Amino acid sequence: MTEPLDIDVLIIGGGINGCGTFRDLSAQGIDCLLIEREDFCAGASAASSRLMHGGLKYLETGEFGLVRESLTERNRLLQNAPHFVTPLPTILPLRSRFAGILPSVRRFFGLKAKLTNRGSLITRAGLMLYDLYGRRHRSMPRHRLLGRKALEDRVAGMDPKIVAAGLYYEGQLSHAERLGLELVQDAERLNPRSRAVNHARIVAVEGACVTYEAGGRRQTVRPRIVVNAGGAWIDAVNRDLGIESRLMGGSKGSHVIVDHPGLYRALNGHMIYFGTADGRVNLCYPFMDRVLIGSTDIPVEDPDTAFCEDTEVAYMLAAVGEVFPDIALTEEHVRYRFCGVRPLPRADGEIGLVTRDHSIAEVTLGAGTPVLCLIGGKWTTFRAFSAEAARRVLDHLGQPHRVDTGDMAIGGGAGFPRTPAARDGWVDRVAQASGLSAERVAGLLDRYGTTGERIAEACAGETMLAAVPDYSDRELAFLCRNERVETLADLLLRRTLIAMSGRLTPQAIEECARVAGTALGWSEDRRQREVSALCCDDLTLVRRNMAAAPAA
């Protein structure tokens, strides 16, 4: 074993909880090392519904504290990450006035109840609480109820049995993976002694020392405390550390991206958050030029075996038909499918009723080193959970909590122009300095926030790609060289939205592989292996995502 490097904190797992904790601790001046087995935000953090939401359905199970915290954090993210988090008007369809009262009461008291229909009375009560809990840092309108005519003015073609709807607002997260990456980059700026390493795996544990391998090189560290942010893999990470635990009970959630212009037009910029006949809550909303539909909730023992199955796709497409009966969705409309395993605590009973709140379990490494296991949580509350974890770490280290991250801008959200005049001024200034057109610079601002200025400077003399013409060779080369891209999947699935936008065609993969190979010095053999790995090895991508489907 090599001579160990003494560090304050080792964080294992680069999902959103790990990235958030890394930033929070680095902001306190704590020297941290974050290691991630794959890529930053490559697991469940990349497979959510891409919403920053309060969790309206959690009111039914009495988790008022979680809803209050979620709404506060949602509102903060609208301010701290305006380049990625934007308001999303949301429709909650109603089919009656009194339905759902008794099942909601039973669920509130922890009893089993199938809730297939929520009437206007229970909905109004829930939305009033939602407004009350979301009043801190409020930046979006309060809820209101819509009659059938007002509903039709907003969303066309809904089931005639839907007599009214609740209208409220949530936050849409456009690029989850980049937000996680920006937390890592911000952390390293806040504390240059902290560093994060992706594609790193633990290869040995001896006493208080942990050895990991990345890029063919091994490094041994001796942390004062370990944070296990492995998500659904927490028990597996503990086993790697020589600790036996049974903390996790994961739930698979799958989503699809569909290309159906009729459904896209009908939604008119709204999310539909709706219950189905089987008692589940589902959603669909416009995502880029497509529609995102989700999600399933299926218990999973081994997160490495999870993938989006054909039966789940059929279920989600049929669920949309309950709300839009005249819109026929088939698998031919599916452009992309993905799934992740929610890092839920191990619990008995119905998986949909297991808490989505977060908690910290403490175990001990063989030499007595504390290991804090970050259990649960959701995208919306990552900052609050990270702050809680940071305080626990600081208590162990005997250090004060100096910096509050509650109002700290994230990445390209710093200095983001918030008015049309400010936006025009930013675009004009960067266009003049870079030589790019104002239209191109505006697109970079939308994609990267104010980080787009650095990318614009690197794009002089660029050539737009044939398969994905809103990206250029210089742009992708900049991402490869400056954002720790190690694989083609890192680039296409996480640094960009090429896959999520349903454009992961063989032509796009080949063209982007040529750019990445040149930027990173790949051999032809390595380039071909990267293409093959992306096309064939990932079961969430392999079936029908490569085929060009007809438009509706």
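In this entry, Tyr315 passes the filter for residues that are modelled with pLDDT of 90 or more, closer than 30 Å to Gly62 by Cα and open to solvent by 10 Å² or more (accessible area, probe 1.4 Å). Can you confirm whether Cys284 is of a type outside the set (Lys, Arg), at pLDDT below 95 and under 18 Å from the mean Cα position of the chain (by Cα)? For Cys284, the condition - of a type outside the set (Lys, Arg), at pLDDT below 95 and under 18 Å from the mean Cα position of the chain (by Cα) - is not met.
What do you reckon, is Arg135 at pLDDT 75 or above, among the basic types (Lys, Arg), open to solvent by 20 Å² or more (accessible area, probe 1.4 Å) and assigned to a loop (DSSP other than H, G, I, E, B)? Lay out the reasoning, then the answer.
On the way: at pLDDT 75 or above: yes; among the basic types (Lys, Arg): yes; open to solvent by 20 Å² or more (accessible area, probe 1.4 Å): yes; assigned to a loop (DSSP other than H, G, I, E, B): yes.
Judged against the criteria, Arg135 is a match.
Counting residues in the range 194-205 that are part of a strand (DSSP E or B) and touching a His at 6+ places or on another chain (Cβ under 8 Å) gives zero.
The set of residues from the range 277-303 being acidic (Asp, Glu), more than 30 Å from Tyr169 (Cβ to Cβ) and either touching a residue at least 12 places away in the same chain (Cβ under 8 Å) or in contact with a Cys (Cβ under 6 Å, 6 or more places away or on another chain) (or both) comprises just one member, Glu301.
This table checks each residue for (1) farther than 15 Å from Cys19 by Cβ; (2) without any contact (Cβ under 8 Å) to a residue 24 or more places away in the chain; (3) aliphatic (A, V, I, L, M).
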| residue | (1), (2), (3) |
| --- | --- |
| Met140 | yes, no, yes |
| Met158 | yes, no, yes |
| Ala164 | yes, no, yes |
| Leu179 | no, no, yes |
| Arg201 | yes, no, no |
| Arg217 | yes, yes, no |
| Gly230 | no, no, no |
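Under the condition of being of a type in the set (Asp, Glu), assigned to a helix (DSSP H, G or I) and open to solvent by less than 20 Å² (accessible area, probe 1.4 Å), the residues counted in the range 441-489 number 1.
Only a single criterion out of (1) open to solvent by 10 Å² or more (accessible area, probe 1.4 Å); (2) in contact with a strand residue (DSSP E or B) (Cβ under 7 Å, 6 or more places away or on another chain); (3) over 30 Å from Val334 (Cα atoms); (4) assigned to a helix (DSSP H, G or I) is not satisfied by Asn238, namely (1).
If the condition is being hydroxyl-bearing (Ser, Thr, Tyr) and either open to solvent by less than 30 Å² (accessible area, probe 1.4 Å) or without any contact (Cβ under 8 Å) to a residue 12 or more places away in the chain (or both), then the range 36-75 contributes Ser45, Ser48, Ser49, Tyr58, Ser70, Thr72.
Taking the criterion of being in a strand (DSSP E or B), within 30 Å of Gly18 (Cβ to Cβ) and among the aliphatic types (A, V, I, L, M), the only residue of the range 166-177 that qualifies is Leu173. Please verify whether Val227 is of a type outside the set (Phe, Trp, Tyr), modelled with pLDDT of 95 or more and part of a strand (DSSP E or B), treating the condition exactly as stated. Yes. Pairs linking a residue in the range 510-530 that is open to solvent by 20 Å² or more (accessible area, probe 1.4 Å) to a residue that is hydroxyl-bearing (Ser, Thr, Tyr), with Cβ atoms under 7 Å and 6 or more positions apart or on different chains, are Glu530/Thr487.
So, in the range 59-91, how many residues would count as being touching a helix residue (DSSP H, G or I) at 6+ places or on another chain (Cβ under 6 Å) and not in a loop (DSSP other than H, G, I, E, B)? Give the steps one after another, and end with the answer.
Going through the range 59-91, the residues touching a helix residue (DSSP H, G or I) at 6+ places or on another chain (Cβ under 6 Å) turn out to be 59-62, 66-71, 73-74, 80-85.
So of that shortlist, the ones also not in a loop (DSSP other than H, G, I, E, B) come out as 59-61, 66-71, 73-74, 80, 85.
Qualifying residue count, the range 59-91: 13.
Against the conditions (1) more than 16 Å from Glu177 (Cβ to Cβ); (2) in contact (Cβ under 8 Å) with a residue 12 or more places away in the chain, Pro469 satisfies every one except (2). Put simply, of Arg224, Arg195, Arg178 the only residue that is open to solvent by less than 10 Å² (accessible area, probe 1.4 Å), charged (D, E, K, R) and within 28 Å of Ala384 (Cβ to Cβ) is Arg178. The single condition among (1) at pLDDT 85 or above; (2) part of a helix (DSSP H, G or I); (3) β-branched (Val, Ile, Thr) that Thr123 does not meet is (1). Thr463 meets all of the listed conditions (1) closer than 20 Å to Cys535 by Cα; (2) polar (S, T, N, Q); (3) touching an Asp or Glu at 6+ places or on another chain (Cβ under 8 Å) but one, namely (1). In the range 427-450, the residues that are within 18 Å of Phe84 (Cβ to Cβ) form Cβ pairs under 7 Å with partners that are of a type in the set (Phe, Trp, Tyr), at six or more places apart or across chains, as follows: Leu445/Trp426; Gly449/Phe416; Thr450/Phe416.
Per the conditions (1) touching a strand residue (DSSP E or B) at 6+ places or on another chain (Cβ under 8 Å); (2) surrounded by 19 or more Cβ atoms within 10 Å (Cβ to Cβ), the sole criterion not satisfied by Ile202 is (2).
Can you give me the ranges of the strands (runs of 3 or more DSSP E) entirely in the range 334-420 with at least 1 residues that are open to solvent by 60 Å² or more (accessible area, probe 1.4 Å) and without any contact (Cβ under 8 Å) to a residue 60 or more places away in the chain?
Numbers: elements: 334-342, 358-364, 370-376.
Of the strands (runs of 3 or more DSSP E) lying wholly inside the range 334-420, those with at least 1 residues that are open to solvent by 60 Å² or more (accessible area, probe 1.4 Å) and without any contact (Cβ under 8 Å) to a residue 60 or more places away in the chain span 358-364.
In the range 14-29, of all residues being in a loop (DSSP other than H, G, I, E, B) and open to solvent by less than 10 Å² (accessible area, probe 1.4 Å), the one that is nearest to Arg217 (Cα to Cα) corresponds to Gly14.
Is one or more of the residues making up the range 340-362 over 27 Å from Leu59 (Cα atoms) and at pLDDT 90 or above? The answer is yes; a qualifying residue exists.
Every test in (1) modelled with pLDDT under 95; (2) more than 23 Å from Thr90 (Cβ to Cβ) is passed by Val163 save one, and that test is (2).
The values are calculated or read from the model by the stated rules, or taken from the named source; none is laboratory data. Please read these numbers as outputs of a predicted model, since none were measured by experiment. Every residue, glycine as well, gets a Cβ built from its backbone with ideal geometry; the counts of neighbours run over all protein chains shown. Surface accessibility is based on the protein's heavy atoms, side chains included, excluding ligands, DNA and RNA. Shrake-Rupley method; radii C 1.70, N 1.55, O 1.52, S 1.80 Å.
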